[in-house]
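**Student:** Have a look at this one.
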Amino acid sequence: MQGKVKDTTLAEQGRKKIKWAEDHMPVLMSLREKYKDSKPLKGARISGCLHVTKETAVLIETLRAVGAQVAWSGCNPLSTQNDVAAALYENDVPIWAWYGMNTEEFYWAIEKTIEQKPTMTLDDGADLIFTLHNKYPDIAKQVYGGSEETTTGVHRLRAMAKDNALLYPVIAVNDAETKWDFDNIYGTGQSSIDGILRATNILLAGKNFIVAGYGHCGKGAAMRAHGQGANVIVTEVKPTAALKAKLDGYRVMKMDEAAPLGDVFITATGMKDVIVKRHFRNMKDGAIVCNTGHYDCELNLNDLKNISTGREEIRDNCAKYNLRNGKHIYLLGEGRLVNLAAAEGHPSEVMDMSFANQFMSMMHVYKEKDSLETRIHDITEEQDQEIARLKLQTMGLSIDKLTKEQLAYRDSYNEGT
Ligand code: ADE
């Protein structure tokens, strides 16, 4: 067996969780069923760097079921579910992942997955792709293509493509409608609240809940906090996003104004230094701070450390910082993605569509390996609609179909008033 996990005795518990996820990911499971005999990914070597959760386990085992050889590492030091990692390891998946890795171990694990000389990569945050490009360009040049799961990763890769630095094609899974419009909004919304509640068990009703960033993830967090009775305040830098937040019924202001008002702060911007020293200092005594963006740099944790006299662990994923000015701030999940560090990430039902997109992207790259241009590719409209159609079917929902006359009406420019 290859790999390194925390504790193999957790495998049985992890397997039960994976079974639960399978039962709640009908679209991905139907793809496994459809392709398991023909094995269209036979010969492919996929290295993956994505949160090791029960949902990811279903993706990994689906890729293997259709013929791929897979090696895996987690894409965040605090998101691996140790029991799931153990179950995968026991099922002979080469996996290097455990909760609480340090930075050196994190990159070591990525490099272990590169040893198989991947022909395809599957990333969440682009750390695997960057490691390949920076340290193993000769291996990268042999890669047919990859896929990227998250907004932050896609932004970084688009910048790389613009600089002509990309060595192989990448599919922007994040930008599929069946990904960002569901996973980023409903997934992040629910699981971030879940993480905050597991780490604190506070009553959200009546609290001032500050959401930094009103992209899809921020929108989801704001919507669910509002649903729990919190008073949501949004901070933004993009005028259109700020306007949307205002018209969705939230207060909009600068972080400098929000800092002294907030009871709970969550960052969802993809940008660094959203909350810095002066904000921490001006917060209420007892304010709770967390992040749901891909990287923890949204909160300047060095600033927090430097203005504190000490810190103590209050409960799992909740650390109390004692500030020199006499106030206290609670930091959740070390400022890592709160939904994965302090809870289980997005629910299986929503990852079903995200990972169906990942699966189809891997199939596409492998099939088109000789002709795919080296650039960032979008998911096709057909794939998006097909995944949504399958999802509706598994939910027992049917929808209307345009008639011939309606199709003609839609496509003609002759009919008016
Ligand atoms: N990102 C957010 N939630 C996730 C989950 N449950 N599995 C994998 N990646 C995720």
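The values are calculated or read from the model by the stated rules, or taken from the named source; none is laboratory data. Small disclaimer: the values here were computed from a predicted structure and weren't measured. Every residue, glycine as well, gets a Cβ built from its backbone with ideal geometry; the counts of neighbours run over all protein chains shown. SASA here: full protein model, heavy atoms, side chains in, ligands and nucleic acids out. Shrake-Rupley method; radii C 1.70, N 1.55, O 1.52, S 1.80 Å.
**Student:** When only Cα pairs under 8 Å and 6 or more residues apart are kept, what is the percent relative contact order across the chain?
**Tutor:** Normalised by residue count, the contact order of the chain is 17 percent.
**Student:** Rounded if a/c is under 1.5, else prolate if a/b beats b/c, else oblate: with a ≥ b ≥ c from the C-alpha gyration tensor eigenvalues square-rooted, which is region 172-301?
**Tutor:** rounded
**Student:** Which one, LYS17, LYS369, LYS238, has the greatest fluctuation when you compute a Gaussian network model over the chain with C-alpha springs under 10 angstrom?
**Tutor:** LYS238
**Student:** Let me ask another. What do you reckon, how do GLU334, GLU344 stack up by accessible area (1.4 Å probe), largest on top?
**Tutor:** These residues rank, largest area first, as GLU334, GLU344.
**Student:** 222 nm [θ] for the chain, helices only, -39500 (n - 2.57) per DSSP H run of 4+, per residue, to 500?
**Tutor:** -12500 deg cm²/dmol
**Student:** Still on this model: How much solvent-accessible surface does ARG375 expose, in Å² to the nearest 10, with a 1.4 Å probe and all protein chains in place?
**Tutor:** We get 100 Å² for ARG375.
**Student:** Sorting ARG324, ARG224, ARG32, ARG251 by accessible area (1.4 Å probe), largest first, what list results?
**Tutor:** Output order, biggest surface exposure first: ARG324, ARG251, ARG224, ARG32.
**Student:** While we're on this one: What list of ³J(HN,Hα) values in whole Hz, one per residue of region 346-362 in order, does the Karplus curve 6.51 cos²θ - 1.76 cosθ + 1.60 (θ = phi - 60°) give from phi, with Gly and Pro shown as x?
**Tutor:** So the J values, rounded to whole Hz, are 5, x, 4, 4, 7, 5, 3, 6, 4, 7, 5, 5, 4, 4, 5, 5, 4.
**Student:** In terms of solvent-accessible area of protein heavy atoms at a 1.4 angstrom probe, what is the ranking of PHE265, PHE130, highest value first?
**Tutor:** PHE130, PHE265
**Student:** Could you please state how large a percent of the accessible area of the chain is carbon and sulfur, counting protein chains only and using a 1.4 Å probe?
**Tutor:** The nonpolar share, carbon plus sulfur, comes to 49 percent.
**Student:** Still on this model: Cut-off 10 angstrom, C-alpha nodes, Gaussian network model of the chain. Which of LEU78, LEU204, LEU340 fluctuates the most?
**Tutor:** Looking only at LEU78, LEU204, LEU340, the biggest GNM fluctuation is shown by LEU204.
**Student:** Which of THR394, THR121, THR53 moves the most in a Gaussian network model of the chain with Cα springs under 10 Å?
**Tutor:** For the chain, modelled as a Gaussian network with Cα springs under 10 Å, the answer is THR394.
**Student:** Now for a separate question. At a probe size of 1.4 Å, how large is the accessible area of SER30, to the nearest 10 Å²?
**Tutor:** The accessible area comes out at roughly 50 Å².
**Student:** Provide, for region 221-279, the number of lysine pairs with alpha carbons under 18 Å apart, each pair being eight or more places apart or on different chains.
**Tutor:** Count of close lysine pairs: 7.
**Student:** For GLU368 and LEU197, what does the FRET efficiency come to when R0 = 51 Å and r is the distance between their Cβ atoms, rounded to the nearest 0.05?
**Tutor:** 0.70
**Student:** Shifting gears a bit: Enter the accessible area per residue of the chain (Å², integer; probe 1.4 Å; all protein chains in place).
**Tutor:** Normalised by residue count, the accessible surface of the chain is 46 Å².
**Student:** Between region 99-153 and region 388-417, what is the separation of their alpha carbon centroids in Å?
**Tutor:** Computed from Cα coordinates, the inter-centre distance equals 41 Å.
**Student:** Then there is this: Give the shape of the chain as rounded, prolate or oblate, defined through the alpha-carbon gyration tensor: a ≥ b ≥ c are the square roots of its eigenvalues, a/c under 1.5 means rounded, and otherwise the shape is prolate if a/b is larger than b/c and oblate if not.
**Tutor:** Oblate, since a/c reaches 1.5 and b/c is not below a/b.
**Student:** What residues of region 341-374 lie in the reach of a label at SER30, counting those whose backbone N is under 12 Å from a point 7 Å from the Cα along Cα→Cβ?
**Tutor:** 353
**Student:** Using only the Cα atoms of region 238-383, build the gyration tensor, take square roots of its eigenvalues as a ≥ b ≥ c, and label the shape rounded, prolate or oblate: rounded if a/c is under 1.5, else prolate if a/b is larger than b/c, else oblate.
**Tutor:** It comes out prolate by the Cα gyration axes.
**Student:** Let me ask another. Round to the nearest 10 and report in Å² the accessible area of LEU197, as given by a 1.4 Å probe over the protein chains' heavy atoms.
**Tutor:** For LEU197, the solvent-accessible surface is approximately 50 Å².
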